[in-house]
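Participant: Structure below; questions to follow.
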Amino acid sequence: MKTSKRNSLTSGKKYASDSLKSSKDSEGFCMKGSIQFRKDRGLYYVSWYDQASKRRYKVYKYKGEFLYSEKVAQKLLACMQNDFERKIFRIENYLDDSVSDVCKYLDEWLTTIKSFLKPGTSKDYENSVRNYLKPFFEQKKIGLAEIQYDTLLELMNFIDRSGKGRLNVMYCLHSCLDHAWRSRRIPNIPPFPRKKQYKIEKKPIVWLPEERQIAVIKSIPEIHQPIFWWLKFHFRREGEACALRNEDFDGKIFYIHRTESARVFTDTTKTGEIHNIAMVDSFKPFLEMEKEKQKKMSIISRYFFVNPVGKEEGKPYHVKTLGDIWNKACSELGEHIRCYAGTKHSSCSQFINEKGGTESELQMITDHARLESVRNYARTEVARRKELMERKVVSLQPKTIGGKA
């Protein structure tokens, strides 16, 4: 009985022929491939002829494990036939024993898209792949097309980060799967967890009232002050100030179309938009201060703001340098706030909460595409809310007829 069973497995008749002419049975199911048994090793394997490479392959493993049972071999063959039916079959996915199909593809994807990414985004993706995605899928040992909603929930729980951090890692995987779908490696992208499932806690924006913000800037050495006054008055990011060049200013308007990403200057902003920002009159004295500094120290540079102690060609500032200068000034005054929050966030919050500006006016100043982006700055202080609530309301008298109400 055992002999006849093994003979049928060896002949391949039980699971049909590899010929393309008979790759489907009468009911339309894929019958490609066959299960074989190696008596000398006590192992089953799937015999498969691959049209792309014009070769016959023997697949001995399923999810990293040898095929010791016929049942597992049948499952492997069914997976291969399913991929073949959906026109996403790649023999490489079933031959690599060292890493899962997903891990291998993640590496290939990063290499392919690296030149299209900003340095900061590329660095974030690499960290997500190295620290979370590859460790998870090395344990799961599943194929790219096998990733489903329940897999993504497992991954989300595996990521040991805060809600926003988890979301960033999942965004990275979504980008990879989108690339795989566009490349016809997978038939579709599985649904990802809803945003509320990440339990992201919205934190109020931290900012300094103008009096304290000015005190910090004045505590900074004078040779470094101009760039910080520019950040305060123009509501922009540190990276944009560091990357600003002389050619980006025509005497009245700053053309913001560069930034710094992971310590590399790029010719596009974070959003890819070009922002035309008029120079405010309050900045003029500090512009003269910057020009006088460069003239006195004989610094010739294409950068609008220069770091006198910088060692790089052109002596540009970098975001990290600004952060170090800002933090030192804060420590002297007992303040604890990051440079970005102390400059842009603080100026935006002051505009609404101290100067009475509106959200739409702030949107116009900052050149945000969506009003939603400036809403967080409108979380007014308790005292400001009280002032708004206690404003006198003028009651409207009803119209009178013949002098009577």
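Participant: Any residue that is surrounded by 14 or more Cβ atoms within 10 Å (Cβ to Cβ), closer than 26 Å to LYS114 by Cβ and of a type in the set (Gly, Ala, Ser) - is there at least one of those in the stretch 209-219?
Facilitator: Among the residues of the stretch 209-219, not one is surrounded by 14 or more Cβ atoms within 10 Å (Cβ to Cβ), closer than 26 Å to LYS114 by Cβ and of a type in the set (Gly, Ala, Ser), which makes the answer no.
Participant: Look through the stretch 80-109, keep the residues that are within 18 Å of the chain's Cα centre (by Cα) and hydrophobic (A, V, I, L, M, F, W, C), and return whichever of them is surrounded by the most Cβ atoms within 10 Å (Cβ to Cβ).
Facilitator: LEU106
Participant: Only one of (1) farther than 25 Å from ILE337 by Cβ; (2) in a strand (DSSP E or B) is not met by GLU260, so which one is it?
Facilitator: Checking GLU260 against (1) farther than 25 Å from ILE337 by Cβ; (2) in a strand (DSSP E or B), the one that fails is (1).
Let's see how each residue does on (1) in a strand (DSSP E or B); (2) outside the structural domain of LEU322 (by TED's automatic domain parsing); (3) aliphatic (A, V, I, L, M); (4) surrounded by 15 or more Cβ atoms within 10 Å (Cβ to Cβ):
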| residue | (1), (2), (3), (4) |
| --- | --- |
| CYS242 | no, no, no, yes |
| PHE254 | yes, no, no, yes |
| ASN276 | yes, no, no, no |
| LYS284 | no, no, no, no |
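Participant: Follow-up question, since we're still on this one. Return the residues of the stretch 110-131 that are assigned to a helix (DSSP H, G or I), surrounded by 15 or more Cβ atoms within 10 Å (Cβ to Cβ) and in contact (Cβ under 8 Å) with a residue 24 or more places away in the chain; say none if nothing qualifies.
Facilitator: ILE113, PRO119, GLY120, THR121, SER122, LYS123, ASP124, TYR125, SER128, VAL129
Participant: Mind checking which residues of the stretch 308-328 are out of contact with any strand residue (DSSP E or B) (no Cβ under 7 Å at 6 or more places or on another chain) and under 19 Å from ARG237 (Cα atoms)?
Facilitator: Once the filter is applied, which keeps residues that are out of contact with any strand residue (DSSP E or B) (no Cβ under 7 Å at 6 or more places or on another chain) and under 19 Å from ARG237 (Cα atoms), the stretch 308-328 yields TYR317, LYS320, THR321, LEU322, GLY323, ASP324, ILE325, TRP326, ASN327.
Participant: Which count do you get for residues in the stretch 137-185 that are within 15 Å of ASN93 (Cβ to Cβ) and of a type in the set (Ser, Thr, Tyr)?
Facilitator: Count: 1.
Participant: Follow-up question, since we're still on this one. Basic (Lys, Arg), in a helix (DSSP H, G or I) and in the same structural domain as GLU126 (by TED's automatic domain parsing): is that true of ARG185 in this structure? Lay out the reasoning, then the answer.
Facilitator: Details: basic (Lys, Arg): yes; in a helix (DSSP H, G or I): no; in the same structural domain as GLU126 (by TED's automatic domain parsing): yes.
It is false that ARG185 is basic (Lys, Arg), in a helix (DSSP H, G or I) and in the same structural domain as GLU126 (by TED's automatic domain parsing).
Participant: I would also like to ask the following. Scan the stretch 45-54 and tell me whether some residue there is closer than 28 Å to LYS140 by Cα, more than 41 Å from the chain's Cα centre (by Cα), of a type in the set (Gly, Ala, Ser) and modelled with pLDDT of 50 or more.
Facilitator: Yes; the residues of the stretch 45-54 include at least one that is closer than 28 Å to LYS140 by Cα, more than 41 Å from the chain's Cα centre (by Cα), of a type in the set (Gly, Ala, Ser) and modelled with pLDDT of 50 or more.
Participant: Please name all residue pairs, on different chains or six or more residues apart, with Cβ atoms under 9 Å, provided the first residue is in the stretch 354-371 and is in contact (Cβ under 8 Å) with a residue 40 or more places away in the chain and over 21 Å from GLN213 (Cα atoms) and the second residue is surrounded by fewer than 17 Cβ atoms within 10 Å (Cβ to Cβ) and polar (S, T, N, Q).
Facilitator: That search, which allows pairs on different chains as well, returns ASP367/ASN276; ALA369/THR271.
Participant: Taking the criterion of being part of a helix (DSSP H, G or I) and loosely packed, with under 12 Cβ neighbours inside 10 Å, would at least one residue in the stretch 220-240 satisfy it? Break it down stepwise before answering.
Facilitator: To start, the set of residues in the stretch 220-240 that are part of a helix (DSSP H, G or I) comprises 222-234, 238-240.
Subset that is loosely packed, with under 12 Cβ neighbours inside 10 Å: 222.
Yes; the residues of the stretch 220-240 include at least one that is part of a helix (DSSP H, G or I) and loosely packed, with under 12 Cβ neighbours inside 10 Å.
Participant: What pairs can you find where one residue is in the stretch 176-189 and modelled with pLDDT of 90 or more, the other is aromatic (Phe, Trp, Tyr), and their Cβ atoms are less than 6 Å apart, with a gap of 6+ or different chains?
Facilitator: Correct list of pairs: CYS176/TRP109; HIS179/TRP109; ILE189/TRP181.
The values are calculated or read from the model by the stated rules, or taken from the named source; none is laboratory data. This one's a predicted model, so the numbers in the text were calculated from it and none came from an experiment. Counting neighbours? That spans all protein chains shown, and the Cβs are built from the backbone with ideal geometry, glycine included.
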